[in-house]
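**Q** I am attaching a structure below and will ask some questions about it afterwards.
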């Protein structure tokens, strides 16, 4: 499949090109600047050649290699690493020596340090030979898909530079991300960590562009996610702007930028992107064996089977409290697909927590795209530092963010994409530790399990049937929750499930019944219904048989019943084979972007009026009001 150099972590094959190239960028510069000769000589020493021949380096090798700067060795020693991860040991030298490297590595395998060490080494090398001690050009650029990941990468660099004062002075790091107004330094920093949008905007500034005109490293971290989030055109634009900056501000420079790409998955699209960005002749390092499961082998994966969606919620939250009581160091992440879900379940768990007097210390956190940037930063930092806690979050934290000692990952719905499951469970068992991942699935969601097994090779070590609902539900019966919040959550889940019906061949009628019953259970009203507008009713192809017992709408349902073609576009059993299904349905999640993680809204076709109706006379009282009004304006008492 690949048209370039091969390197697999399971079976290392050293390419002659890797031995002969030996830091080709510096070799070119050496012709113009004799002061670089010591750097060239360092790469030709016997111990370096031997390490290259071996194809990997150990921590001891790294500390003893003559080419590694003493300041960096000193900092690494103070990090108290026991050993290098496979990704680090097999990619550090190629990143130092090759012009282009593509590395496939799972999340949580230490890949940030794999490119941080070579970048810091290069910063020190050029600091030693630079005539002007004041930096005039950025040495390395790291591009990350999200602001949160960029912050984390900068923190990883700081962990190293903080260990040595001279290193910190020679290798400065600057963030160029949205929501953080950091003035650019008077002199160029050594490393810029950026998100695509902010980087593209900054490159329009002539001063910034001039500083970026002699890059020695360009790293794409989480490259597959960069493409998944639609940044491919932006990245190509950035490449063009960097090339323009080089031609305009440093036309005589012989520096060739080294390109490094890290990705958890490598497919044809990623291969094409790498070829366009790096060129055909790059080194490929595969740190995922062909027979290795997608999820980390240290993750103990369990499926808990439930009858319906509400049971999944009760089972998951009850298990959280049980495990927390048993394990003082319990630290978990509960993933939900919508912003409303993150907010609502945070309130649910917080309310339940009050019934446990001994759990007084703050341990509950939430993270979603609806929060302000400052709130997200504080939550991320606090959860990273805490010894025990529960983070309820949307997909905004599914990839990239590294939280220490997360013991459990909990999911209560299918993921929008199968690959998302792998990224979520990857939040535990990081850096050589072990962890648990529990997926709560209803009987109607069984095809999602098959998709994980067949498409990703996921192996669940245990499958159990949830059998303690009656006992666990007792504490939920005492909850007093705002009606509007419960209603918003149910409707946001309706939007989410509608976007994955075709992907996992789910049955729309069962899903709607489950969600309405969940809503009824949370508010203790066995007759409650959900109102959606006629426009949305017809767009989603909601079955008329659900009206009025489960759904209220302003559409003429009787007319729809008499219309022969009125069936779910997924047929009676759902799926892609229904004749009414179109390829547009695969993009439904975008149309419901207001109900997804909220992190990158790309617009939506449905408004709140679609769910509530223009005629809906909602309560104007406080959200904790004890009275609300249904669509007809008739008041009804609520239990709270």
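The values are calculated or read from the model by the stated rules, or taken from the named source; none is laboratory data. All figures in this text were calculated on a predicted structure; none of them were measured in a lab. Positions of Cβ are backbone-derived with ideal geometry, glycine not excepted, and every protein chain shown enters the neighbour counts.
**Q** Yes or no: residue 68 in contact with a strand residue (DSSP E or B) (Cβ under 8 Å, 6 or more places away or on another chain), in the same structural domain as residue 277 (by TED's automatic domain parsing) and at pLDDT 85 or above? Working first, answer last.
**A** On the way: in contact with a strand residue (DSSP E or B) (Cβ under 8 Å, 6 or more places away or on another chain): no; in the same structural domain as residue 277 (by TED's automatic domain parsing): yes; at pLDDT 85 or above: yes.
Considered against the rule, which asks whether it is in contact with a strand residue (DSSP E or B) (Cβ under 8 Å, 6 or more places away or on another chain), in the same structural domain as residue 277 (by TED's automatic domain parsing) and at pLDDT 85 or above, residue 68 comes out as no.
**Q** Can I ask one more? Of the conditions (1) crowded, with 19+ Cβ neighbours inside 10 Å; (2) at pLDDT 95 or above; (3) in contact with a strand residue (DSSP E or B) (Cβ under 7 Å, 6 or more places away or on another chain), residue 449 clears all except one; give me its number.
**A** Result: residue 449 passes all but (1).
**Q** Somewhere in segment 127-134, is a residue touching a residue at least 24 places away in the same chain (Cβ under 8 Å) and buried (at least 20 other Cβ atoms within 10 Å of the Cβ)?
**A** Within segment 127-134, not a single residue is touching a residue at least 24 places away in the same chain (Cβ under 8 Å) and buried (at least 20 other Cβ atoms within 10 Å of the Cβ).
**Q** Then there's this: Would you tally the residues in segment 450-505 being in contact (Cβ under 8 Å) with a residue 60 or more places away in the chain and not in a helix (DSSP H, G or I)?
**A** So the answer is 17.
**Q** Still on this model: Run down 289, 259 and say which single residue is surrounded by fewer than 20 Cβ atoms within 10 Å (Cβ to Cβ) and either at negative phi or in contact with a strand residue (DSSP E or B) (Cβ under 8 Å, 6 or more places away or on another chain) (or both).
**A** Just a single option satisfies the conditions, and that option is 289.
**Q** I'd like the full set of residues that are crowded, with 19+ Cβ neighbours inside 10 Å and at pLDDT 70 or above, limited to segment 33-51.
**A** Selection gives 48, 51.
**Q** Do you know which residues across segment 326-340 are in a helix (DSSP H, G or I), touching a residue at least 24 places away in the same chain (Cβ under 8 Å) and within 26 Å of residue 474 (Cβ to Cβ)?
**A** Here is the first cut: in segment 326-340, the residues in a helix (DSSP H, G or I) are 326, 339-340.
Now narrow it down to the ones that are touching a residue at least 24 places away in the same chain (Cβ under 8 Å): 339-340.
If the condition is that a residue be in a helix (DSSP H, G or I), touching a residue at least 24 places away in the same chain (Cβ under 8 Å) and within 26 Å of residue 474 (Cβ to Cβ), then 340 is the only one that fits.
**Q** Working only within segment 448-474, note down all residues that are farther than 28 Å from residue 263 by Cβ and in contact with a helix residue (DSSP H, G or I) (Cβ under 9 Å, 6 or more places away or on another chain).
**A** 463, 466, 468, 469, 471, 472, 473, listed by residue number.
**Q** If you take the residues of segment 471-507 that are under 25 Å from residue 353 (Cα atoms) and within 22 Å of the chain's Cα centre (by Cα), which of them is surrounded by the most Cβ atoms within 10 Å (Cβ to Cβ)?
**A** Just the residues of segment 471-507 that are under 25 Å from residue 353 (Cα atoms), to begin with: 471-490, 492-493.
Still in the running and within 22 Å of the chain's Cα centre (by Cα): 492-493.
Working: 492: 26, 493: 24.
Taking the candidates together, the pick is 492.
**Q** Mind listing whichever residues of segment 184-197 are out of contact with any helix residue (DSSP H, G or I) (no Cβ under 6 Å at 6 or more places or on another chain) and part of a helix (DSSP H, G or I)?
**A** Within segment 184-197, 197 is the sole residue that qualifies.
**Q** Something else: Among the residues of segment 194-211, is any buried (at least 22 other Cβ atoms within 10 Å of the Cβ), out of contact with any strand residue (DSSP E or B) (no Cβ under 6 Å at 6 or more places or on another chain) and more than 16 Å from residue 150 (Cβ to Cβ)?
**A** Yes, because at least one residue in segment 194-211 is buried (at least 22 other Cβ atoms within 10 Å of the Cβ), out of contact with any strand residue (DSSP E or B) (no Cβ under 6 Å at 6 or more places or on another chain) and more than 16 Å from residue 150 (Cβ to Cβ).
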